[in-house]
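The values are calculated or read from the model by the stated rules, or taken from the named source; none is laboratory data. Small disclaimer: the values here were computed from a predicted structure and weren't measured. Every residue, glycine as well, gets a Cβ built from its backbone with ideal geometry; the counts of neighbours run over all protein chains shown.
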Amino acid sequence: MPDTSAAAGRLALTIAISDYDHVRDFASGVVCARGIETNFLTLPIEEIFFRFTKFREWHVSEMSLAKYAALRAYDDTSLSAIPVFPSRVFRHSSLYVREGGPVRAPADLKGRKVGLPE
């Protein structure tokens, strides 16, 4: 785990997050968290989930609720979830389909497999 000491009594935190428009100002330093010295790692989401759950390489990490629930289901209590939802969008409220693909309506998914990277 990285060192958490920082100058002037500020808490040093390394945070891994993907490059989203709704957190870009925080990650770039335009918006600052009072009392915290941040070091952002901008990585692909799959890499963030894998490396954080497997190796705990940084202090704060983006993580899906499903991944956190799965860890808790296996009695892994090593992480604490904080409810931060900067986009205010529940991403399971919609599906996106490829233009020109075979799916035109929800019924077209019947009997098919849907794959996710997580």
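Figures for the structure shown
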item	result
Boolean, Asp25 is modelled with pLDDT of 90 or more and assigned to a loop (DSSP other than H, G, I, E, B)	no
Residue within the stretch 26-42 that is crowded, with 17+ Cβ neighbours inside 10 Å, among the aliphatic types (A, V, I, L, M) and touching a Pro at 6+ places or on another chain (Cβ under 9 Å) present	no
Residue pairs meeting the criteria (Cβ under 7 Å; at least 6 apart or on separate chains; first closer than 17 Å to Ile17 by Cα, in the stretch 70-96; second in a helix (DSSP H, G or I) and at pLDDT below 95)	Leu79/Tyr68; Leu79/Leu71; Ala81/Tyr68
